[in-house]
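Have a look at the structure below, then the notes.
The values are calculated or read from the model by the stated rules, or taken from the named source; none is laboratory data. Given the structure is predicted, the values throughout are model-derived calculations rather than measurements. With ideal geometry, Cβ positions are generated from the backbone for all residues, glycine too; neighbour counts draw on all protein chains shown. Protein only, heavy atoms only, side chains kept; ligands, DNA and RNA dropped before computing areas. Shrake-Rupley method; radii C 1.70, N 1.55, O 1.52, S 1.80 Å.
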Amino acid sequence: VRLKHIPRPKLRICVFGDQQHCDEAKAAGFPFMDAEALKKLNKNKKLVKKLGKKYDAFLASDTLIKQIPRLLGPGLNKMGKFPTQITHGENMKHKVEEMRSTIKFQ
């Protein structure tokens with residue numbers, strides 16, 4: 001459910017992106033990882049779990065989102081933190097604001 005005000009301003013979001021999204025994230029001051037950094041995790045369960053605990057949510061480029069289960073394994077999905085897709089046409093800041101103002105009911 002999307003709310004008008006931002007209930008979670010301190011939500012930590014990491015961007016898994018291709019070069020364009022990494023540059024955009026760097027300019028906006030968001031933490032980011034490219035495909036090479038994700039390959040370094042190499043399905044290592046401890047490292048993926050550590051990554052999942054460090055951030056509250058993830059954004060991933062539309063080009064990279066298909067590769068994430070192959071690169072990271074099922075760890076993020078089990079935590080319920082599978083990345084949200086972001087396309088090149090979308091504004092990253094707006095997408096992050098939208099994620100911060102969205103809540104899930106259990």
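Among the residues of region 5-46, those that are open to solvent by 30 Å² or more (accessible area, probe 1.4 Å), part of a loop (DSSP other than H, G, I, E, B) and in contact (Cβ under 8 Å) with a residue 40 or more places away in the chain comprise HIS5, ILE6, PRO7, ARG8, PRO9, ARG12, ASP18, PHE30. Residues that are in contact (Cβ under 8 Å) with a residue 12 or more places away in the chain and either closer than 17 Å to LYS54 by Cβ or touching a helix residue (DSSP H, G or I) at 6+ places or on another chain (Cβ under 9 Å) (or both) within region 70-85 comprise LEU71, LEU72, GLY73, GLY75, LEU76, MET79, LYS81, PHE82, PRO83, THR84, listed in sequence order. Quick one: count up the residues across region 48-106 that are among the aromatic types (Phe, Trp, Tyr), in contact with a strand residue (DSSP E or B) (Cβ under 7 Å, 6 or more places away or on another chain) and either open to solvent by 80 Å² or more (accessible area, probe 1.4 Å) or in a loop (DSSP other than H, G, I, E, B) (or both). Selection size over region 48-106: 1.
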